[in-house]
Every structure is written in structure tokens, then in C-alpha cells.
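The structure appears right after this line, and notes come after that.
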Amino acid sequence: MDLKKLFGYEKKCVVITGAASGMSRSATELLLNLGANVYAIDKNPIDLPVTEAFEVDLSQKEEIDKVISKLPERIDALFLCHGIAAFPGQELLVQKVNFYSQKYMTEQLLERIVDHGSVTFISSVGGFGWQSVYKEAVELINLPTWEEAIKWYENHPKLIESAYVFAKQCLESYVTYKCMSHEFIDRKIRINAINPGDTTTGLTADFNKSTSPNGDEFEGEEMISNIFLKSWNGYAASPEDMGYPMVVIGSAICSYMSGQLIYIDYGLTSSWTSAALLTESQKSVEEITQETNN
Ligand SMILES: NC(=O)c1ccc[n+]([C@@H]2O[C@H](COP(=O)([O-])OP(=O)(O)OC[C@H]3O[C@@H](n4cnc5c(N)ncnc54)[C@H](O)[C@@H]3O)[C@@H](O)[C@H]2O)c1
């Protein structure tokens with residue numbers, strides 16, 4: 001079996017953001033090894049032998065519009081991976097970087113994505129519980145312009161208080177809402193997200209600082225470890241643990257997969273779901289188990 005053919009990236013056009021570092025950099029390295037022509041975008045310089053690299057601040061609509069005009073007319077796979085941690089006072093910036101720019105780029109580039117192409121995002125376990133804001137997220141998603149979205153954010157300060165969480169919840173709502181919408185399904189364009197757990201990347205120090213109420217990196221590291229690692233005596237993932245599965249999801253191997261939020265967290269969020277189900281409806285879970293056993 002020819003593995004490169006199985007992935008289906010050879011000589012295909014791939015656009016990927018956030019490629020200077022972390023998960024997206026790992027994904028880009030694999031895409032290059034699989035023979036893709038990679039157009040990579042980041043606000044920082046990209047030191048990989050991609051077809052073309054663009055240095056762009058993706059929080060700025062004008063800069064996004066400029067780079068979009070330079071991207072190829074035919075795109076086989078789009079990966080949206082750029083992201084930042086949330087510091088106080090940067091709530092709106094986090095919405096723009098971690099969600100709205102990604103929705104905007106997807107929709108601006110959709111016409112260029114081939115039939116049976118793919119769009120894949122990096123969301124986060126931080127978006128767990130996205131269902132609780134789904135209606136608000138869909139209201140935002142349905143606003144037709146960038147400017148209206150910014151106004152919407154300004155009118156909903158409470159919602160964006162948990163800035164990182166809300167942006168990732170919007171991303172997960174977007175995948176769920178759009179997978180069967182006409183613009184995607186009529187042309188069989190697949191749309192999925194990976195939801196990584198704690199991963200050691202260029203963002204680690206910022207996540208640590210932003211998690212601590214005092215901005216103390218070591219306190220934040222301890223807090224993150226308590227939430228994401230302690231319960232399973234776990235360890236942080238590597239960028240490849242996330243970047244490589246993401247490349248698989250965008251590839252021909254997953255040609256029947258769409259609308260999925262793939263948690264890559266060693267099962268941590270499944271254990272949260274299990275605990276919630278057992279606490280809230282223990283009786284009915286027992287009944288279901290009994291029925292299954294009979
Ligand atoms: N590291 C983790 O523990 C973790 C966990 C869950 C989800 N994530 C998500 O994974 C994605 C990838 O992040 P990473 O952990 O690999 O971190 P990283 O910092 O190594 O990579 C993120 C990249 O995004 C780029 N970027 C940030 N803001 C940008 C902007 N305005 N314009 C253009 N590029 C910009 C950065 O320059 C960087 O190269 C992010 O969306 C992040 O939210 C990370």
C-alpha cells in the first residue's frame with residue numbers, strides 16, 4: 001500500500017495557519033513529508049520549506065483580506081490553528097484570534113475549496129460544555145459581517161468574560177452548526193475540529209501565567225496540572241500528538257468524517273462526562289445498565 005496515496009495530499013494545495021510553532025508546525029512538517037504544497041500563515045516567521053509563507057496578524061480583517069488575495073484559487077485542505085491565551089483586558093482580541101478570524105477565513109475561502117475538500121480547526125478541551133452557549137454562538141455565527149460581529153461582542157461583555165472558553169465554544173458550535181449546511185454539504189466539504197488537552201507548545205508559558213490569578217507562571221502551571229493531569233497521573237502531550245492526528249482528519253483517510261469534535265486528551269473529558277451523568281441521573285443510568293444486562 002502506498003501510504004502517501006492513502007493520505008491523498010501529494011501535490012495537493014493545503015493552507016494552514018499558526019504554522020510557526022507548536023501543533024500547527026508539527027502538522028506542517030508532516031504535510032510536507034506527505035508531498036503537499038503548503039501555504040503557511042503566521043504572525044511570526046515560519047522556518048519550514050513551505051511553498052509560500054506569509055507573515056500576517058490574523059486578528060486584523062484588513063490583513064486577512066490581503067493574504068486571502070494572495071492565496072491559491074484552488075484549495076484542497078484548510079487548517080485553522082492559530083491561537084492565543086487570554087489575559088485580562090484582551091477579551092475581544094481573543095475572540096478575534098481564536099474564533100472569528102477562523103470563521104471569516106473559512107467563509108472567504110470556501111468557494112476556492114474543492115468538492116470533497118476539508119476544513120479542520122484546532123479547538124480545545126477548554127470548549128467542553130459548548131452546548132450551554134450554542135444558541136448565543138449561532139446568533140453570532142449568523143451575523144453577516146465582521147463589523148456586526150465586533151458590535152455583538154461589545155454588547156455581550158458577560159459572555160466573553162471567560163474569553164478563551166467562549167471562543168473555543170463558538171468554534172465547536174460552528175463545526176456542529178455548519179457541517180450539514182448547504183454551503184458545506186452540497187459540495188461535500190468536510191468540517192471538523194480537534195480538541196487538544198494540555199500540550200507543551202509555544203503557548204505553555206502564557207497559559208500558565210493567564211491561569212494564575214496573580215499572573216504567576218509556577219502557580220498557573222500547578223493549577224493546570226491539577227485540572228488536566230492529576231486525576232489520571234498524566235503528562236502533557238507533545239505538539240506531534242495533536243498535529244499528526246489533525247493531518248489525518250483533514251486527509252482522504254477520513255473521507256467520510258464531518259461535523260466531529262475530536263477530543264485528544266487521553267479520555268479526560270469522557271471521564272468528566274461520565275462523572276456528570278452519574279451525578280445527575282444515577283438512577284436512570286442504573287436502570288439503563290440493568291435493562292442492557294437483562
Ligand atoms: N497548548 C495547549 O495546551 C493547547 C490546548 C488546547 C488547545 N490549544 C490550541 O492549539 C492551537 C495551537 O496552539 P499551540 O498550543 O500549538 O501554540 P503555539 O503558540 O505554539 O502556536 C500558535 C501559533 O499561532 C500563532 N498566532 C497567534 N496569534 C496570531 C495572530 N494574531 N495572527 C497569526 N498567527 C497567530 C502564533 O504565532 C503561533 O505560531 C491554538 O488554537 C490553541 O488555542 C492549545
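A few comments on the model shown:
- Pairs of Cα atoms nearer than 8 Å and 6+ residues apart set the relative contact order; for region 56-157 it is 32 percent.
- Net lengthening on full extension, ALA205/LEU229 (0.36 nm per residue, minus Cα-Cα): 7.0 nm
- Contact order relative to length of region 146-220, as percent, for alpha carbon pairs under 8 angstrom and 6 or more apart: 13
- Dividing the summed helix terms, -39500 (n - 2.57) for each DSSP H run of n ≥ 4, by the number of residues in the chain produces a 222 nm estimate of -13000 deg cm²/dmol to the nearest 500.
- In plain terms, the chain from GLU10 to GLU52 could stretch by 13.5 nm, reckoned as 0.36 nm per residue minus the Cα-Cα distance.
- Separation of region 123-155 and region 225-240, taken as the distance between their Cα centroids, equals 28 angstrom.
- Where only alpha carbons of region 23-135 are counted, the Rg and the Dmax (Å): 14.7, 42
- Virtual spin-label span in nm between MET1 and GLU139, 7 Å along Cα→Cβ: 4.8
- Near GLY215: Cβ cut-off under 11 Å, other residues only, Lys/Arg at +1 and Asp/Glu at -1. The net charge is -3.
- In Å, descending, principal axis extents of the Cα set of region 89-215: 49, 34, 24
- Order of PHE87, PHE218 under a 10 Å beta carbon neighbour criterion, fewest first: PHE218, PHE87
- By other beta-carbon atoms within 10 Å, ranking ASP65, ASP265 with the fewest at the front produces ASP65, ASP265.
- Gyration tensor verdict on region 131-196 (Cα atoms; rounded if a/c is under 1.5, prolate if a/b is larger than b/c, oblate otherwise): oblate
- Shape category assigned to the chain from the gyration tensor of Cα positions, a/c cut at 1.5: rounded
- The mean sequence separation of alpha-carbon pairs under 8 Å and at least six residues apart, normalised by the residue count of the chain, gives a relative contact order of 20 percent.
- Only one residue of ASN192, TYR134, LEU278 has its Cα farthest out toward the positive end of the dipole of the chain, where Lys and Arg carry +1 and Asp and Glu -1 on Cβ, and that residue is ASN192.
- Net length gained if the chain between PHE87 and SER132 were fully extended (0.36 nm per residue, minus Cα distance): 13.9 nm
- Ranked by how many other Cβ atoms sit within 10 Å of their own Cβ, fewest first, the residues LYS66, LYS178 fall in the order LYS66, LYS178.
- Point-charge dipole on Cβ atoms (K/R +1, D/E -1) for region 1-145, about Cα centre, debye to 20: 220
- All C-alpha pair distances within region 24-84, sorted into 5 Å bins from zero, spread as 4, 16, 31, 27, 17, 5, 1 percent across the bins.
Each reported figure results from applying straightforward, stated rules to the coordinates on display, with no laboratory input. The structure presented is a predicted model; accordingly, all values stated were derived computationally and were not measured. Ideal geometry is used to build each Cβ from the backbone, glycine not excepted, and the neighbour counts take in all protein chains shown.
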